[in-house]
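What follows is a short report on a single structure.
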Amino acid sequence: MGKPIRAQRIGNGSPTYRANSFNWLCDAKYINTKGRTITCFVNDILHDPGRTAPVVELISEDGEKFYTVAWEGSYVGQEIQIGPDAELKYGNILPLKKIPEGFPVCNIELEPYDGGKLSKSSGSYAVVHSKLEDKVVLRMPSGKMKEFHPECRACIGVVAGGGRLEKPLRKAGNAFYLYHAKGRKWPKTRGIAMNAVDHPNGGKSGKKKSGPSTVSRNAPPGRKVGHIAARRTGRKK
């Protein structure tokens with residue numbers, strides 16, 4: 001008897017595919033300054049096992065402690081500002097409408113005052129592309145142009161930890177613990193290497209996959225494997 005494919009098991013939400021909560025040090029979110037501009041100090045730089053980037057511990061002038069993703073050039077004792085009247089320098093957090101075009105930004109809010117959602121992985125950043133009256137357009141790390149509310153806040157600079165992928169893992173054990181920290185199962189068995197009863201791509205003679213490799217966007221979970229709604233496949237000629 002076959003078993004549910006990997007995508008179904010992950011979607012079921014079992015503890016096997018859930019990241020351990022103790023691997024996440026904190027919520028890296030901005031505090032709500034309620035329209036004021038406040039000064040904060042970097043109290044410490046910490047390692048967060050569940051993230052690809054380090055985390056900075058900030059203490060505001062009001063004594064409130066919070067955490068956010070570290071930016072390149074951050075150091076203990078550094079003074080930063082959060083608010084609409086903050087200076088334009090690395091580490092400061094401002095609304096997008098106050099940041100000039102061409103500036104790199106990271107830890108971007110998807111909605112105003114949600115604390116920061118996008119471009120938080122190590123070495124990533126977006127660029128302020130253009131500004132209109134009711135929206136700000138950013139060029140995201142993927143190259144896509146995305147529109148944001150002008151009041152959404154972002155940190156000026158690049159997320160620390162860039163170049164992380166340039167160091168080879170060297171050992172299978174390093175890869176295992178890398179994925180294990182985020183609740184991802186590794187190694188992954190190829191579907192074509194399975195039996196036909198266990199996977200839609202399995203059971204073929206040798207490694208040849210007959211039939212189309214693309215699958216409909218509306219395919220059921222047990223069939224939705226491979227190139228999902230692909231516009232094209234193969235090498236560009």
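The values are calculated or read from the model by the stated rules, or taken from the named source; none is laboratory data. Worth saying up front: this structure is predicted, and the values here are computed from it rather than measured. Neighbour counts are summed over all protein chains in view; Cβ atoms, including those assigned to glycine, are modelled from backbone coordinates with ideal geometry.
All of E57, E64, E79, E111 fail the test of being at pLDDT 90 or above, acidic (D, E) and within 25 Å of K146 (Cα to Cα), apart from E111.
Here G173 does not fit the description of being within 22 Å of Q8 (Cα to Cα) and either among the small types (G, A, S) or outside the structural domain of L118 (by TED's automatic domain parsing) (or both).
Output yes when any residue across the range 151-160 is in contact with a Pro (Cβ under 9 Å, 6 or more places away or on another chain), modelled with pLDDT of 85 or more and among the acidic types (D, E), and no when none is. Within the range 151-160 (the criterion being in contact with a Pro (Cβ under 9 Å, 6 or more places away or on another chain), modelled with pLDDT of 85 or more and among the acidic types (D, E)), the answer is yes, since at least one residue qualifies.
Residues in the range 12-24 that are in a helix (DSSP H, G or I), in contact (Cβ under 8 Å) with a residue 60 or more places away in the chain and loosely packed, with under 12 Cβ neighbours inside 10 Å: 1 in all.
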